[in-house]
1. Given the criterion modelled with pLDDT under 95 and in contact with a Phe, Trp or Tyr (Cβ under 9 Å, 6 or more places away or on another chain), identify the matching residue among A:Gln76, A:Gln125, A:Gln102.
2. B:Glu57 is checked against (1) within 14 Å of the chain's Cα centre (by Cα); (2) buried (at least 21 other Cβ atoms within 10 Å of the Cβ) and fails just one. What number does that condition carry?
3. Which of (1) more than 9 Å from chain A (Cβ to nearest Cβ); (2) within 16 Å of the chain's Cα centre (by Cα) does B:Pro123 not meet, given it meets every other one?
4. Can you pull out the residues in the range B:12-27 that are within 15 Å of A:His124 (Cβ to Cβ), within 7 Å of chain A (Cβ to nearest Cβ) and modelled with pLDDT of 70 or more?
5. Out of curiosity, is A:Trp50 aromatic (Phe, Trp, Tyr) and within 12 Å of another protein chain (Cβ to nearest Cβ)?
6. Can you tell me which condition A:Thr103 does not meet? The list is (1) under 15 Å from A:Tyr80 (Cα atoms); (2) more than 10 Å from every other protein chain (Cβ to nearest Cβ); (3) not aliphatic (A, V, I, L, M), and all the others hold.
7. So, in the range B:51-85, how many residues would count as being farther than 23 Å from A:Phe68 by Cβ and in contact with a Leu (Cβ under 9 Å, 6 or more places away or on another chain)?
8. Give B:Arg62, B:Arg55 a once-over and let me know the one that is closer than 16 Å to B:Gly137 by Cβ and at pLDDT 95 or above.
Number of protein chains: 2
Amino acid sequence: MSRAVPKRPSLKAPPLPALEGNHSKLIGRLAGFEWKDVPLEAYKSNTETWKGITRRELVGKRGETVDFHVRYFEIQPGGYSTLEKHEHAHVVIGMRGVGEAQTGCFIWKVSVGDVVYVGPSDPHQFRCPQGASEPFGFLCVVDAERDRPIPVSGLGVCRICE
Amino acid sequence: MSRAVPKRPSLKAPPLPALEGNHSKLIGRLAGFEWKDVPLEAYKSNTETWKGITRRELVGKRGETVDFHVRYFEIQPGGYSTLEKHEHAHVVIGMRGVGEAQTGCFIWKVSVGDVVYVGPSDPHQFRCPQGASEPFGFLCVVDAERDRPIPVSGLGVCRICE
């Protein structure tokens, strides 16, 4: 009989991690752009300045010790975020469809994998063109500690050229 | 002759933004997973503990005022990151292919759009399986101020079950 080879402890299949808490976890994406147990939220409670946009808080508000929040936003065709400004910067990464990012008076086309940096106090808005074949979805990473946005009107959006 | 309608100033086509600086900018993705003007970097200078992995610094190291850094890593089939730990947490978002994230003694399969949170001081490693049809690419967001990683051996990786 051959000598038994000591068995190396096998690595375990992952348990279902709790979404809440500061432990390592997988926040698994389901079909489409939904994540297990992550609720769909309204973009903002005030609905006067935006249209057709939803928010999912992925990381940063459930006990995780990071200096930033990661959110997923989705804008339906014809929808848009509030035209606003704030001192904190935004980092946006396209994940689905094609949209537009306006910063000041410039408009960038944003496709999957494109990265947009919105500098401090630049008025900005994200939009999904009317007639787009699918929503415009993007990750948005922001500092955990940040100032509140201030809506701006269509005028005075660009401190460079106005 | 009809009266001329005052022309509304048109929004401008975006200029090519400088990659360096704290202004709004688009960091455009080119074909594949490359970004305009963003250099491909070695994952680490010490090559003893990792294999087949590259890094691209997307946001946070070029004058941007954010409390975090956004990086894109890509691991070739059969490659892996250093098995290591640190006090700061990681947020990883799958962008290309399928890979594995080991945290402690658990292994998660990570596909596009899946989010992994690596909790403080959990030993962890990212891998692309040998024979995978494409590299495993992911975004990794970390605090701008963070402690240095400490490599760990194959033993003692899990403070929960060892």
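The values are calculated or read from the model by the stated rules, or taken from the named source; none is laboratory data. Keep in mind that what you see is a predicted model, and the values were worked out from it rather than measured. Every residue, glycine among them, receives a Cβ derived from its backbone with ideal geometry; neighbour counts consider all protein chains shown.
1. Values: A:Gln76 fails: modelled with pLDDT under 95; A:Gln125 fails: modelled with pLDDT under 95.
Among A:Gln76, A:Gln125, A:Gln102, only A:Gln102 is modelled with pLDDT under 95 and in contact with a Phe, Trp or Tyr (Cβ under 9 Å, 6 or more places away or on another chain).
2. Going through (1) within 14 Å of the chain's Cα centre (by Cα); (2) buried (at least 21 other Cβ atoms within 10 Å of the Cβ) one by one, B:Glu57 breaks only (2).
3. (2) is the only condition that B:Pro123 fails.
4. Of everything in the range B:12-27, those that are within 15 Å of A:His124 (Cβ to Cβ), within 7 Å of chain A (Cβ to nearest Cβ) and modelled with pLDDT of 70 or more turn out to be B:Asn22, B:His23, B:Ser24, B:Lys25, B:Leu26.
5. In short, no.
6. Against the list (1) under 15 Å from A:Tyr80 (Cα atoms); (2) more than 10 Å from every other protein chain (Cβ to nearest Cβ); (3) not aliphatic (A, V, I, L, M), A:Thr103 comes up short only on (2).
7. Qualifying residue count, the range B:51-85: 1.
8. Working: B:Arg62 fails: closer than 16 Å to B:Gly137 by Cβ.
Within the list B:Arg62, B:Arg55, the selection yields B:Arg55.
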